[in-house]
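Single-structure report; data block below.
The values are calculated or read from the model by the stated rules, or taken from the named source; none is laboratory data. The model shown is predicted, which means the values in this text are computed figures rather than measured ones. So basically every Cβ, Gly included, is an ideal-geometry build from the backbone, and we count neighbours across all protein chains shown.
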């Protein structure tokens, strides 16, 4: 016949085995549920931040407006716009296609040499493998007095 202490030891061992098996089962179930609830793919949005085109385009438009507003004379305005257009086209030559057009709607100089306010229409388009951006806007140049 078995002694009572031996029965108690077996009972404790079975309780310990049951506890370990229960803990393992609970942890396994929680792991499976967490994997099931986790999205299969996490969307990677970093590629949008790596595209330079919107930042470059906005910078070009901002600088064009600054050139019109800070040019001191009519001749200075024309020279600055031509120079900036050449710079932008050469800068973006390898990266993308840029169309930089502007047209004076009204002349900024009268035949007698007097400078008057002028309106300039701009059409700027940037096309690349990643983006196509276009902006048409007008700026008014005011002579410095």
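Taken together, the criteria exclude residue 55 from residues that are modelled with pLDDT under 90 and touching a strand residue (DSSP E or B) at 6+ places or on another chain (Cβ under 9 Å). For residue 112, the requirement of being out of contact with any helix residue (DSSP H, G or I) (no Cβ under 8 Å at 6 or more places or on another chain) and assigned to a loop (DSSP other than H, G, I, E, B) is met. Assessment of the range 97-117 against the conditions (under 18 Å from residue 66 (Cα atoms), over 32 Å from the mean Cα position of the chain (by Cα), surrounded by 13 or more Cβ atoms within 10 Å (Cβ to Cβ) and modelled with pLDDT under 90) yields at least one matching residue. Considering only the range 129-145, state which residues are in contact with a strand residue (DSSP E or B) (Cβ under 7 Å, 6 or more places away or on another chain) and surrounded by 14 or more Cβ atoms within 10 Å (Cβ to Cβ). Correct list: 133, 135, 139, 141, 143. Taking the range 66-86 as the range and being surrounded by fewer than 13 Cβ atoms within 10 Å (Cβ to Cβ) and within 15 Å of residue 100 (Cβ to Cβ) as the test, the residues that pass are 82, 83, 86.
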